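Input: a single structure, listed below in structure tokens.
The values are calculated or read from the model by the stated rules, or taken from the named source; none is laboratory data. This is a predicted model, so every value here is computed, not measured. Here Cβ is always computed from backbone atoms with ideal geometry, including for glycine, and neighbour counts include all displayed protein chains. Heavy atoms of the whole protein, side chains included, go into the accessibility calculation; ligands, DNA and RNA do not. Shrake-Rupley method; radii C 1.70, N 1.55, O 1.52, S 1.80 Å.
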Amino acid sequence: MDCSSCNYSFSTISSCSVKWIEFPSKLESRRIFFQKKSEFLKPSVVGPGLSLLDSLQHISNFDSKAGSKSMISSWKIPCSYSCAVRCDHPQNADFPRYYSKKEKKPFPVPIVELRRAARERMKKSQGQPRKPVPPPKNGLTVKSMIPIAYNVFNARITLINNLKKLLKVVPVHACGFCNEIHVGPVGHPFKSCRGPNANFRKGLHEWTTAILEDIFLPVEAYHLYDRLGKRISHQERYSIPRIPAVVELCIQAGVNLPEYPAKRRRKPIIRISKSEFIDADESELPDPEPEEPLKPLLTEIPDSDVVAPSDKEDIAWLADQTLQAWEQMRQGAKRLMKMYPVRVCGYCPEVHIGGSGHKAQNCGAFKHQQRNGQHGWQRAVLDDLIPPRYVWHVPDVNGPPLQRELRNFYGQAPAVVEICIQAGAAIPDKYKSTMRMDVGIPLDIKEAEMVV
């Protein structure tokens, strides 16, 4: 984009940062003379037929040649530069894409790039001595990740306890036929139900009262005593306990729970081949002493002991604490996933915490008969481990309900975030783009039809 074709107004540039980008040019130095009718930046106060130089000439009545030379000396803009306008906060962002049950989840990194990176690693490793395997691949835990694992575990318990209290004061509805939920006084009128007999109901939802499991999905995984041991076979699928996936990730990262023991090695493993290893001899080491947890572990509040907050100040404070626990859990889990591998099935929501997925043939997704019920394991992302459950954002809880014809003007936010916002918490900046806070909502259908 050339500078002469930059048509941003002064009001737009004042709210954004202007950055000059240099492009390579064949001529090292070029002199530019701005003529009378050249267009550079059109101010909002000048008519569409007048440029910046014309307006300055009209105001100060100076000569065009002298004015052009003075502008060159003051602006000093070579021709090899281009004007770029950058905004720190995007206005709007697309909603998360909905994948049907017949579609396979996309890989976080394409297969072609994974193969290219593997070939480059093979070329670099040729003729070089084998490097020692770092933890956690050598069987040891990463000591720097243990405090993060405790924080994630306690943040999860705090989030569950606070959500139980907020559900007493914030109305949340769930459809009785599909998995869609809505946060607000009444359910939304959109025809988006995909449950059984949705055609007879013309896609309308039948709203019921939601529970905690509708908002914070219980994603479970198999508990591994030895994360480097043999893979779980199909015959062992009922003998191994299943626990929340986030809890299993914290246990493998260093959290000690008496009811779910895990093998803690004190020496690195001895690798024989790619898939075979033996444990190092630890008989010469002293007996391990029982380790106390770095932080006291929280426990969930029973449903019978949940007390709703009384006044608005307590509700707002509780909403802020819930939002902080949500962000702390997600950010900590994202850091743990970079060190400890997490797998997800590309066809169903099954999650496995470990280097390779289990062999249980319990996948019931689309065309599972062709795969004999086996899972198609791939690397998981954060939303697979902690699903955000996006819901429609209600701009004004005390105002009119959402209208079906104005659906394109409404935004979406995770269910936990929407509950906290309606309870009085401040809106985080990272969610404003999907919530469409900068989009004006028409008052009626006639006004919406006038929007171009």
Within segment 383-392, is there a residue that is touching a Ser or Thr at 6+ places or on another chain (Cβ under 8 Å), surrounded by 15 or more Cβ atoms within 10 Å (Cβ to Cβ) and among the hydrophobic types (A, V, I, L, M, F, W, C)?
-> no
What strands (runs of 3 or more DSSP E) lie completely within segment 170-271 and have 1 or more residues being acidic (Asp, Glu)?
-> 220-222
Residue that is least open to solvent (accessible area, probe 1.4 Å) [pool: residues in segment 126-148 that are under 18 Å from GLY355 (Cα atoms) and either of a type in the set (Lys, Arg) or assigned to a helix (DSSP H, G or I) (or both)] = MET145
TYR340: touching a residue at least 24 places away in the same chain (Cβ under 8 Å) and touching a Gly at 6+ places or on another chain (Cβ under 9 Å), yes or no?
-> yes
Of these, GLN374, GLN321, GLN370, which one is over 18 Å from LYS105 (Cβ atoms) and either open to solvent by 30 Å² or more (accessible area, probe 1.4 Å) or among the β-branched types (Val, Ile, Thr) (or both)?
-> GLN321
Restricting segment 182-218 to residues that are of a type in the set (A, V, I, L, M, F, W, C) and touching a residue at least 60 places away in the same chain (Cβ under 8 Å), which is surrounded by the most Cβ atoms within 10 Å (Cβ to Cβ)?
-> VAL183
Every residue from segment 219-244 that is at pLDDT below 95, touching a helix residue (DSSP H, G or I) at 6+ places or on another chain (Cβ under 9 Å) and open to solvent by 60 Å² or more (accessible area, probe 1.4 Å) | none
For segment 111-121, does any single residue satisfy the condition of being over 30 Å from CYS348 (Cα atoms), modelled with pLDDT under 85 and not in a loop (DSSP other than H, G, I, E, B)?
-> no
Are any of the residues in segment 114-125 touching a residue at least 24 places away in the same chain (Cβ under 8 Å) and open to solvent by less than 60 Å² (accessible area, probe 1.4 Å)?
-> no
Name the single residue, out of those in segment 422-451 being under 23 Å from the mean Cα position of the chain (by Cα) and free of Cβ contacts under 8 Å to residues at least 12 places away in the same chain, that is surrounded by the most Cβ atoms within 10 Å (Cβ to Cβ).
-> ILE427
